[in-house]
Amino acid sequence: MGFNEIKQMAEAQQDYMIRMRRHFHSFPEVSNQEFETSNFIAEELNRMGVPYERIDGTGIIAAVEGKKPGRNRLLRCDMDALPVKEDVQNLKGPKACISQKEGVCHACGHDAHMAMMLGTIRVLLQIKDQIEGTVYCCFEEGEESTTGVVSMMKALEHYTVDECFALHVYNALEAGKINIVSGSRMAGAVGFGIHVKGRGGHGSRPDLAANPIVPAAHIVTEMDSALRNQINAEATVTFGLCIFQAGELWNVIPETAYLSGTSRYFDKESGEVVLSLIKQTSECVAKCHGCSVEYEPCTKIILEPVINDPGVAERVHRTLGQIWGENVFCDCDRWYASETFCKYLNRYPGVLGFLGIRNEELGSGAAHHNSRFDLDESVMPLGVCAEVAFVLG
């Protein structure tokens, strides 16, 4: 069987994938609540005759066994939607499909990820004679909340996996293009939630209180300065303060102030340095003002960077080029969002690829997690070919 036939097989799944994508989009479920989504996927797998395991929560691991001995490979997609009210319009006009659940929608593309995975499984079943080893197809719950990957990683301890691969649709990349390269592709995330604890009092006598607002304000500026001046100048690190809360009355000095946000980074060493600087700065500044700090559990390295393996990236790139043509590849910048797929890459060599969905004529291309987010469904066969290229490469 030639590579051109694989492309034709993938394209033959388009109507099926559109139907699947629009079902998932119409009936979205937020993180760790993907009960109907999981049941629907299980029903599809039953129809295909594909064995699967339902792991703790709503996740699923399906297995397509090849006819040849060889390496076992893992494909992953995510299942959850976001607590976002969907706009019926994309960037140009009405969307082809709208969430039927108020306040919940697939504003990141996970609906397409699931549809492509199901399409890929259908193709793999047709070419089992060419497949080496077993392909494990993982449907991960709770990616947005970063919680579902824990049960998935635990379940995978009982499987032998040699390499892994995943796709993420990407609004910054033109529809019909794909990016599969080595190195860091998505950012790691350090979270922080800091309670600055002081001593309340009357606004007229700050000397009789320990006003936590003052050190909290200094922590903001000192933390920003520390990250600018003590992080390796060659590293890319961002600092995003998103919450500053303190006080309720104009003449009452509060007991506490609260700061929260994230820092993003692209090399594993920077994460530890950032977390250390956040804590050192907060504690030292607070102490100078007669205050103390307490940390929320989110003050930690939430996710590490997504770093693609060079060998796997080269093989997928080469094989996909043979299936679809070299003109499908496109360069794009690293993505500052974070992804639980880093957990897989910490355990197995693998790749996360970006699949372009921006189509100005169609109106797709709004930012991820945006109410007007939409995608170009015509790219899904290319996604299937990328996943099959990983299996065959």
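The values are calculated or read from the model by the stated rules, or taken from the named source; none is laboratory data. Being a predicted model, the structure only gives us computed values, none of them experimental. Cβ placement follows ideal geometry from the backbone for every residue including glycine, while neighbour counts extend to all protein chains displayed.
Quick notes
- The condition of being polar (S, T, N, Q), assigned by TED's automatic domain parsing to the domain that holds Gly109 and over 21 Å from the mean Cα position of the chain (by Cα) holds for only one of Ser371, Ser378, Ser364, Ser338, that being Ser378.
- Screening Ser292 against (1) of a type in the set (S, T, N, Q); (2) over 17 Å from Ile194 (Cα atoms); (3) touching a helix residue (DSSP H, G or I) at 6+ places or on another chain (Cβ under 6 Å) leaves a single unmet condition, (2).
- Hits in the stretch 63-104 (condition: crowded, with 18+ Cβ neighbours inside 10 Å and β-branched (Val, Ile, Thr)): Val64, Val84, Val104
- Taken over the stretch 325-350, the criterion of being in contact with a Pro (Cβ under 9 Å, 6 or more places away or on another chain) and either free of Cβ contacts under 8 Å to residues at least 12 places away in the same chain or of a type in the set (Ser, Thr, Tyr) (or both) is satisfied by Ser338 alone.
- Filtered residue count, the stretch 70-90, keeping only those that are touching a residue at least 60 places away in the same chain (Cβ under 8 Å), outside any strand (DSSP E or B) and farther than 17 Å from Glu143 by Cα: 7
- Residue selected from the stretch 91-100 under the condition out of contact with any Gly (no Cβ under 7 Å at 6 or more places or on another chain), touching a residue at least 24 places away in the same chain (Cβ under 8 Å) and not charged (D, E, K, R), by the criterion farthest from Asn171 (Cα to Cα): Gln100
- Filter result for the condition that a residue is in contact (Cβ under 8 Å) with a residue 12 or more places away in the chain, under 19 Å from Glu144 (Cα atoms) and in contact with a helix residue (DSSP H, G or I) (Cβ under 6 Å, 6 or more places away or on another chain), over Gly59, Gly109, Gly103: Gly59
- Any hit, the stretch 351-367, residues being assigned to a helix (DSSP H, G or I), of a type outside the set (Ser, Thr, Tyr), out of contact with any helix residue (DSSP H, G or I) (no Cβ under 8 Å at 6 or more places or on another chain) and touching a residue at least 60 places away in the same chain (Cβ under 8 Å): no
- Enumerated strands (runs of 3 or more DSSP E) restricted to the stretch 223-335, each holding at least 1 residues that are on the phi < 0 side of the Ramachandran plot and surrounded by fewer than 19 Cβ atoms within 10 Å (Cβ to Cβ): 237-246, 256-265, 292-295, 300-303
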